[in-house]
Amino acid sequence: MAKVVFSLCFIGILLCFSLCSIYAQDKSWCVSRTETSDEKLQAVLDYVCGKLDCKEIQPGGSCFDPDTYMNHGSYAIDIDYRANNVCDQSYALLTTVDPSFGKCVYP
């Protein structure tokens, strides 16, 4: 009986962590660290935009302005985070503050 109760509790805890993880991703964003170099952000942009749709940070896109590595890098890093659930802490950080501004809405 004790093994059954323990097993059910363990499964419940795992389920809770799984659901919390899914919820946390919906309410968090992965953006550029302020100290990340423009060269690194350009490399990230080349990589991410080579495999995902970066139209929003292209000329005419809703997130093109301001036209900076930091701005474009943050958007690209976040769409990569959404697609792959990875936020590389060497050049990015997780935030719970929505980075959207004006017409630029982060996913």
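Please treat every number below as a calculation from the coordinates, not as lab data. Computed from a predicted model, the values in this text were never measured in an experiment. So basically every Cβ, Gly included, is an ideal-geometry build from the backbone, and we count neighbours across all protein chains shown.
Potential lengthening of the chain between L93 and E39 amounts to 17.7 nm, from the contour at 0.36 nm per residue minus the alpha-carbon distance. As a calculated quantity, the FRET efficiency between D46 and R82 at R0 = 22 Å, using C-beta atoms, amounts to about 0.75. Report note on the peptides 39-48, 76-85, 57-66, 95-104: ranked by the mean count of other C-beta atoms within 10 Å, highest first, their order is 76-85, 39-48, 57-66, 95-104. Computed 3J(HN,Hα) for region 92-97, one whole-Hz value per residue from the Karplus formula 6.51 cos²θ - 1.76 cosθ + 1.60 where θ = phi - 60°, is 9, 8, 8, 9, 9, 8, glycine and proline marked x.
Karplus-derived 3J(HN,Hα) values for region 80-87, using 6.51 cos²θ - 1.76 cosθ + 1.60 with θ = phi - 60°, are 5, 4, 5, 6, 10, 6, 10, 10 Hz; glycine and proline are entered as x.
Here, region 29-95 yields an orientationally averaged convex hull projection of 4.0 nm² when only Cα atoms define the hull. Subtracting the Cα-Cα distance of D67 and F101 from 0.36 nm times their residue separation leaves 10.9 nm of extension gain.
Across region 101-107, rounded Karplus estimates of 3J(HN,Hα) from the backbone phi angles (6.51 cos²θ - 1.76 cosθ + 1.60, θ = phi - 60°) give 8, x, 7, 7, 10, 6, x Hz, Gly and Pro being marked x.
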